[in-house]
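Reading through the structure tokens given below for one structure.
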């Protein structure tokens with residue numbers, strides 16, 4: 001009775017031990033294979049990244065993109081300086097000088113003198129006189145050369161009153177070169193005064 005019971009007990013024990021050993025062996029082999037694959041794939045990715053990164057850096061340095069940009073930046077900078085300095089000399093030219101202030105003449109701004117050119121006397125009866133008017137402008141402000149003023153004057157000391165005019169434009173006056181008058185006495189003197197000034 002004891003012999004038949006002892007035979008079945010040793011058979012199941014080695015079978016279960018082999019199965020665990022087999023399963024453990026397969027599990028280790030299955031786990032090792034994916035790890036090796038992942039390691040190989042990771043190394044390949046790193047190599048590719050390093051290759052592209054290094055190649056890109058090498059291409060960037062050999063192509064000279066950055067130096068070209070620096071050259072253009074430095075070449076553009078000197079061109080900007082003359083452009084900014086160019087208006088400096090023209091600035092004084094744009095500032096126009098102040099417009100001159102012109103005044104309007106009045107009667108008191110003119111001083112007249114009678115210059116005797118010829119004088120013919122008849123004893124104590126009187127004289128025939130040829131004269132010219134000399135004009136002096138005594139005003140404080142210059143006269144506008146684009147305007148013309150008519151000055152009326154009167155000659156005193158003659159037998160008959162003499163009234164005449166001359167024109168003034170800027171600093172020049174247009175007067176008659178010769179005028180004639182008669183005096184009652186040889187000692188009478190001719191004088192001239194301005195009576196009116198008007199703009200033409």
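Laboratory data are not the source of any read-out in this text; all were calculated from the coordinates shown. The structure displayed is predicted, hence computed values, not measured ones. Every residue, glycine among them, receives a Cβ derived from its backbone with ideal geometry; neighbour counts consider all protein chains shown.
Coordinate range of the alpha-carbon atoms in the range 146-200 per principal axis, descending: 44, 20, 13 Å.
The calculated FRET efficiency for the pair residue 196 and residue 115, based on their C-beta separation and a Förster distance of 22 Å, comes to about 0.50. Expressed in Å, the radius of gyration and Dmax of the Cα atoms of the range 107-199 are 14.6, 49.
Here the simple spin-label model places points 7 Å from the Cα toward Cβ, and for residue 169 and residue 130 these points are separated by 2.8 nm.
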